[in-house]
Amino acid sequence: MGTVGKAISLLELFTVAEPELGLTELARRSSFDKATTRRLLVALTSHGFVEQDAGTRHYRLGAGLSRLARIREARFPFLQTSVPLVRDLASATAETVHLSEFGTDRLVTVHVEHPTWANRVNIDIGQLLPLHSTASGIAYLSFARDEAIKACLAGPLEAFTAHTLIDPTAISRSMAEARERGYSICDQGLEEGVISVAAAILAADGFAFGTIAVAAPKARTTPADIAQRGLAVMATAREISMRLNGDNLQTLRRQA
């Protein structure tokens, strides 16, 4: 792993649950020695990508990342376009709705709306979602480029539960079903007791770049709920795609 890759891997250790980490913990989790970790942190700090608390000496993500995110959002307003529709879907389904965008080899959770239920599916901003074991991942793969599909199916694929699909043939079948119906269904693939539906958000070229999903406890989900949420998530994904791409996407779909 090169220097840039090492620095990025440090940034990925910060989460909503653990927004601040000390040097020793960062070194332990990254498997880098302390000297290397400190050197990377100094470089990241100099560019504003991380900052250090003067009291605790712990590190947290810096404003430099927010600046880059704002620049990207100004050029490609994914959140600005999607969040109102995500909220509408959450209100209609009364379950957890999460928005994701593809990054390297997994989906990155960029927005979440949680319901008021005490018993609900909890997902964090920034949470990484595997492609093979989530409704979002299968929805993405259903409209992904061939190289992304091949990279995912090449494995190895982790079995998170007894229900996780790890056989490439079974995953390909699930992708085909999702493509046919317009949304994917994942029954406890990542977490026991959770069932989700998701649909792909398409770029102007017709390939997926993100997803939107509804996740709920299996105990209160009926087959009718799954079908209803599936149609709703498919309609929302299409609306987001159309708002982002406009006539470009329409032209592409007519030609398909």
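Worth a mention:
- From the list Arg87, Arg67, Arg39, Arg72, the one residue that fits, being modelled with pLDDT of 95 or more, of a type outside the set (Phe, Trp, Tyr) and not in a loop (DSSP other than H, G, I, E, B), is Arg87.
- Matching residues, segment 104-122, being under 27 Å from Glu12 (Cβ atoms), surrounded by fewer than 20 Cβ atoms within 10 Å (Cβ to Cβ) and over 8 Å from the mean Cα position of the chain (by Cα): Thr104, Asp105, His111, Glu113, His114, Arg120, Asn122
- Count - residues of segment 5-48 that are more than 20 Å from Gly126 (Cα to Cα) and open to solvent by 70 Å² or more (accessible area, probe 1.4 Å): 10
- One residue from Gly137, Gly126 being under 27 Å from Ile8 (Cα atoms), modelled with pLDDT of 95 or more and either within 17 Å of the chain's Cα centre (by Cα) or in a strand (DSSP E or B) (or both): Gly137
- Which numbered condition Leu44 misses (of (1) in contact (Cβ under 8 Å) with a residue 12 or more places away in the chain; (2) under 29 Å from Ala148 (Cα atoms)): (2)
- In segment 152-166, the residues that are in contact with a His (Cβ under 8 Å, 6 or more places away or on another chain) and closer than 15 Å to Asp187 by Cβ: Thr164, Leu165, Ile166
- Residue tally, condition part of a helix (DSSP H, G or I) and either over 23 Å from Gln127 (Cβ atoms) or open to solvent by 10 Å² or more (accessible area, probe 1.4 Å) (or both), over segment 206-240: 17
- Taking first residues from segment 1-16 that are part of a loop (DSSP other than H, G, I, E, B) and partners that are basic (Lys, Arg) and open to solvent by 40 Å² or more (accessible area, probe 1.4 Å), the Cβ contacts under 8 Å between residues at least 6 apart in sequence or on separate chains come to Leu13/Arg29; Phe14/Arg60.
- Hey, Glu51 more than 18 Å from the chain's Cα centre (by Cα), surrounded by 12 or more Cβ atoms within 10 Å (Cβ to Cβ), modelled with pLDDT under 95 and outside any helix (DSSP H, G or I) or not: yes
The values are calculated or read from the model by the stated rules, or taken from the named source; none is laboratory data. Predicted, not measured: the structure shown is a model, and the values here were computed from it. Heads up, the Cβs are rebuilt from the backbone with ideal geometry, glycines too, and the neighbour counts pull from every protein chain shown. Accessible surface is based on the protein model in full, side chains and every heavy atom, while ligands, DNA and RNA are left aside. Shrake-Rupley method; radii C 1.70, N 1.55, O 1.52, S 1.80 Å.
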